Amino acid sequence: MLDQNQNIQLIDITFQNLTVNVQTKNGQKQLLKNISGICKNSEITAILGSSGAGKTTLLNALCKRIQNTQTTQVSGSIQANQEHITFEAFSNYGSYIMQDDILLETMTVKECLNFAANLKLQGSQQEKSQIVQETLKYLKLERCQNTLIGGQFVKGISGGERKRTSIGFELVTNPTVLILDEPTSGLDSFTAYLLISLLKRYAQNKRKTVIFTIHTPSSDIWSIFDRIMLLVDGRFIYQGASNEKIISHFNSFGFVCPKLQNPADYFLSIMNASENNLKNFPKYFEGYEKLNDIVQNEIEQKQIQMILSSKYQTPIYYQIIQIAKRSWKNVKRNPILFKIRIIQAIFMAIFLGLVYVKIEDGSNQPSSIRDMNNRSGLLYFTCVNQLMMALNPCLLTFPSMSTIFLREQNSKLYSVLSYFIGRLLIEIIPQIIAPIIFGIIQFYMIGLNDHTSENVIFYLFSLVLCSLLGFGLGQIGGTLFNQSKTAIAINPLILYPNMLFGGFLKYSNDLSPWISWISYLFPTKYTFNAMAMNEYEFTYFTPNPTQFLGLEFTKCFLKLFK
Ligand SMILES: Nc1ncnc2c1ncn2[C@@H]1O[C@H](COP(=O)(O)OP(=O)(O)OP(=O)(O)O)[C@@H](O)[C@H]1O
């Protein structure tokens, strides 16, 4: 079984007595029922079945994306040659391409492949570029290599090119096992044929193991399958070659595929769970018993070659650079959020400036509570406003990026830390620039404490800090949810406590002891305190408003800073 002549990694994927149970509201549901099979190297294996038959469940189980949890039980063995597959191990030799093409809209096709090559391949930049170029050629993507992938808002490459780019993103790393969930969905029959032929060439020429699910293959596509698995209600009704064997197998118990009909259409028509078909299901299962021994025999003949670890990850600093570069391109090509952040800052600063234009500083009426309140209110509003302006875009964008992150994480392109730092380096830029512009306009229009240059710098620093805290909270909120809408819906849960415990709506000293500690959890308390301490460091007001605002906490912080 060992490929002695060439040093090529050959992997057969086998599974025995594979059962997947899930707990539903109506009790237990069996998605896969004690099935066994083999997907051989150098072959393409197509899994067919009607909707809900368990095809995706089988693919997910093979690459260990379904694990035992409280509601899901997976039993049976799944092996790559003689080794049990684990999620970690699979990512060393295999790739899984989901049905949805998860790609960053603002990248070109070539940049997308370059990104994967840079992060997954060893070798010089020139060697990596050459591999990317070969992959582009292989996938017939040369013509559109410099076109943006595009999406909802930007017109980009076609559906077929998108699918091939998605495959190219994985192929560039030359995986030994390639698993694809419905790679032809949404493609016309010719493009679908091209794609499957390409997978066939990949399997045959490079001796890889390719497994995919497919819904309605044309007869051309059917004829190039090496191996077919037909699934009905979580059980196999056929497994083996796609040639005459499958026709004669079903013939043997009375299901005759008409000569002029596409076999795929015929088998799909007898597999769907219509009333007529349901009564035939026991016959199919009985018929499959005859194939059991053949399949078992094939499983026993599987590769015994040891799987060589191809584990390679680029250094963290390199990952960070690559992610930052990509984030920068993303901002440059889709600068709307960046621009909105700056425009919002300018608009809000002018608006606040007009509302509070040259407010009293206490020089006329040092004891005016109204003037003190106006000034403190302005500081407090500024604080909450900065927090919100940084928080909302994060809640909006983080969940939408999480699908890309998860896909790339599964492909082990980078570590979580690198991704976080790489993105942060770029996304933090508007969070620093916007509050500074905001603060400068405020100084001109309102007349805040500019007694010393330190006061001005400290105020701007507090605004930046406030913006960064909002940014941080937005990231926490954004990572908790998959959907932007859900993340945005939690906005009030972040905003209201921050407003309430900021130290202005209710003075911190007046909070009951049992709840006062909570205020330390909310950033507005710190930023409002810092801004007010700074503002009233030099003031005409008597008594100094910091006294009745109860701003003790930040005094030491201010001293440290100055
Ligand atoms: N976590 C789950 N809990 C309950 N039922 C599930 C769960 N996951 C899948 N199912 C059910 O299991 C069955 C098989 O699902 P699966 O996605 O594998 O089907 P499929 O053959 O890929 O279908 P399709 O071709 O429509 O994608 C379906 O009836 C589905 O509703």
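None of the figures in this text is laboratory data; all of them are computed from the coordinates on show. Quick caveat: nothing in here was measured; it's all calculated off a predicted structure. Note that each Cβ is placed from the backbone with ideal geometry, even for glycine, and that neighbours are counted across all protein chains shown.
Stretching the chain fully between LYS485 and ILE8 yields a gain of 166.9 nm (0.36 nm per residue, less the alpha carbon separation). The loop-placed chymotrypsin sites (Phe, Trp or Tyr not before Pro) in the stretch 137-227, going by DSSP, that have at most 12 neighbouring Cβ atoms within 10 Å of their Cβ come out as PHE153.
Here the simple spin-label model places points 7 Å from the Cα toward Cβ, and for ILE436 and GLU275 these points are separated by 7.4 nm. Charge tally around THR147: other residues with Cβ under 13 Å, Lys/Arg +1 each, Asp/Glu -1 each, net +2. On a C-alpha basis, how far is the centre of the stretch 185-203 from the centre of the stretch 65-133 in Å? Whole number, if you could? Centre-to-centre (Cα) distance: 20 Å. Taking the charge dipole of the chain about its Cα centre, with +1 at Lys and Arg Cβ atoms and -1 at Asp and Glu Cβ atoms, the residue from LEU230, LEU468, LEU379 reaching farthest to the positive side is LEU230.
Which whole DSSP H helices in the chain pass both tests: a Cα extent of 24 Å or more along the axis and a mean Kyte-Doolittle value no lower than 1.0?
Within the chain the helices that satisfy the rule are 336-355, 416-446, 453-480.
Label-to-label distance for SER516 and ILE350 is 4.4 nm, based on points extended 7 Å past Cα in the beta-carbon direction. Mean residue ellipticity, 222 nm, helices only, the chain: the sum of -39500 (n - 2.57) across DSSP H runs of n ≥ 4, divided by residue count and rounded to 500, is -17500 deg cm²/dmol. Between the C-alpha center of the stretch 23-45 and that of the stretch 445-500 there is a gap of 49 Å. Taking every DSSP beta bridge that has both ends in the chain, the antiparallel portion is near 60%. Number of Lys-Lys pairs in the stretch 316-561 under 30 Å by Cα, sequence gap 8 or more or different chains? The result is 22.
Computed from the Cα positions only, the extents of the chain along the three principal axes stand at 104, 56, 41 Å, in decreasing order.
What does the charge add up to near ALA53, with Lys and Arg as +1, Asp and Glu as -1, over the other residues with Cβ less than 12 Å from its Cβ? Its environment carries a net charge of +2.
Approximating the spin labels as points 7 Å out from Cα along Cα→Cβ, the GLU88-to-PHE253 distance works out to 4.3 nm. Dipole size of the chain about its Cα centre, with +1 on Lys/Arg Cβ and -1 on Asp/Glu Cβ: approximately 460 debye, rounded to the nearest 20.
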